[in-house]
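A short worksheet on the structure shown next.
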Amino acid sequence: MILESLAAAVIPMFVYLILLWKMDKYEPEPLTFVLKHFFWGAFGAVFFALIGSQFLTFNLNLVTTATPFLQAVLIAPVVEEITKASYLFKTVKSRKFDNLTDGLVYGGAIGLGFGMTENFLYFVTYGDTYSQWIFLVIIRSSFSAVMHCISTATVGAFLGISKFSVRKNKYLLFPMGLIIAVFLHFAWNFSVSFDSTYLYGLLFMFTVIIVFIKLFRYSLKLEEKILIEELRDEDFPNEHILILSSRLRSIKGWIDESVRAKYISASTKLAFRKVEERNAEESKKTFYQNEINYYRNEINQLRIRIKNDTTTE
């Protein structure tokens, strides 16, 4: 059932990825950039995790027998979370990585890619009978792969917070996020290793999923607050501020349709760049100041265009 396993591994993860990407409603990340993270998780992270696991298992065997249980609850959580999160060190330096929400999206994409490959390997290895295969597809698609998504998204969230934090101890945020990710991974693997705790594991992951959704909503609320507060200081009509900070922005008719997409994009970027400029290191402030001026000018040009179109009519 190789083709069936491939389809069962790929399709749910791509659906989750699109849903995750769409949840970032104010400033969606470039889909191609998100896909790069997904494929790193699917191939790069898996490759290095296999090497790391083999290395640690070999060294552990020199001291004691590394049973499959020890590999699952000790080695796998540490190695896999490190290899998945390693790509985020590159991403956090990108100017596309703006805030908490971006960390959740990029980290989540890596985790989904990793979960896709791991699921495929599990489906073809342990799906001995059709009923076992179905059970694996349901459990791993609903919980195991989602665990990978949430654990790496947690690391991304902590990196997103630390990037623009002005606190001296901000460099402690990454190891804190990694520790939480390893714990989530450990708790899931440990709980599903025993029949007596399996249901507790499912309950645990169900709770973690709810918390993740609430965290994502919280990050979007922060973005909404940023839009309202930062655009109030600019020459924006109040009704535009209320629309730009809500789902009403996608409705036609509140502004000339020929400029609506550009107006939304420029206004959103202007608000976020103002916050980033205040929290950026001195060496990077000039870049953000130039960005702020650029988007202010673009918005003014769009308003002139609207005014001219109205006059000619």
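The values are calculated or read from the model by the stated rules, or taken from the named source; none is laboratory data. Keep in mind it's a predicted model, so treat the numbers as computed, not measured. So basically every Cβ, Gly included, is an ideal-geometry build from the backbone, and we count neighbours across all protein chains shown.
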Query raised in the report: Only one of these conditions is not met by R249: (1) at pLDDT 95 or above; (2) basic (K, R); (3) buried (at least 17 other Cβ atoms within 10 Å of the Cβ). Which number is it?
Result: (1)
Query - Considering residues of region 1-13 that are surrounded by fewer than 14 Cβ atoms within 10 Å (Cβ to Cβ) and without any contact (Cβ under 8 Å) to a residue 60 or more places away in the chain only, the residue farthest from T101 (Cα to Cα) - result: L3
Query raised in the report: Given (1) at pLDDT 90 or above; (2) exposed (fewer than 15 other Cβ atoms within 10 Å of the Cβ), where does I292 come up short, assuming only one miss?
Result: (2)
Query - Close pairs from region 45-57: first closer than 10 Å to T83 by Cα, partner surrounded by fewer than 18 Cβ atoms within 10 Å (Cβ to Cβ) and of a type outside the set (S, T, Y), Cβ under 8 Å, at least 6 apart - result: G52/I82
Report summary line: All-but-one check, R167 against (1) at pLDDT 90 or above; (2) more than 22 Å from I75 (Cβ to Cβ); (3) not β-branched (V, I, T), failing number (1)
Query raised in the report: Do we find a residue being touching a Leu at 6+ places or on another chain (Cβ under 7 Å), assigned to a helix (DSSP H, G or I) and in contact (Cβ under 8 Å) with a residue 24 or more places away in the chain anywhere in region 118-132?
Result: yes
Query raised in the report: in the same structural domain as G41 (by TED's automatic domain parsing), in a helix (DSSP H, G or I), touching a residue at least 24 places away in the same chain (Cβ under 8 Å) and more than 23 Å from K214 (Cα to Cα) - does that describe any residue in region 182-189?
Result: yes
Query raised in the report: Among the residues of region 61-80, is there at least one that is surrounded by 16 or more Cβ atoms within 10 Å (Cβ to Cβ) and over 26 Å from V208 (Cα atoms)?
Result: yes
Query raised in the report: Can you pull out the residues in region 87-110 that are more than 20 Å from S219 (Cβ to Cβ), among the basic types (K, R) and either in contact with a helix residue (DSSP H, G or I) (Cβ under 7 Å, 6 or more places away or on another chain) or not in a loop (DSSP other than H, G, I, E, B) (or both)?
Result: K90
Query - Residue list for region 128-142, restricted to those being surrounded by fewer than 19 Cβ atoms within 10 Å (Cβ to Cβ) and not charged (D, E, K, R) - result: T129, Y130, S131, Q132, I134, F135, I138, I139, S142
Query raised in the report: Does V146 count as under 17 Å from S219 (Cβ atoms), crowded, with 19+ Cβ neighbours inside 10 Å and of a type in the set (V, I, T)?
Result: no
Query raised in the report: Any idea which residue in region 263-289 is surrounded by the most Cβ atoms within 10 Å (Cβ to Cβ), counting only those that are within 21 Å of P237 (Cβ to Cβ) and among the polar types (S, T, N, Q)?
Result: S267
Report task. Could you tell me whether S86 is within 15 Å of F158 (Cβ to Cβ) and surrounded by fewer than 22 Cβ atoms within 10 Å (Cβ to Cβ)? Result -> yes
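Each row is one residue, and each column tells you yes or no for (1) outside the structural domain of A85 (by TED's automatic domain parsing); (2) among the aromatic types (F, W, Y); (3) touching a strand residue (DSSP E or B) at 6+ places or on another chain (Cβ under 8 Å); (4) under 22 Å from G41 (Cα atoms).
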| residue | (1), (2), (3), (4) |
| --- | --- |
| S151 | no, no, no, yes |
| T154 | no, no, no, yes |
| S165 | no, no, no, no |
| K170 | no, no, no, no |
| F174 | no, yes, no, yes |
Query - Residue ranges of helices (runs of 4 or more DSSP H) in region 24-86 with at least 2 members at pLDDT below 90 - result: 45-61
Requested in this report: Please work out which residue is farthest from the chain's Cα centre (by Cα), limiting yourself to region 196-224 and to residues that are closer than 23 Å to F97 by Cβ and in contact (Cβ under 8 Å) with a residue 12 or more places away in the chain.
Outcome: E224
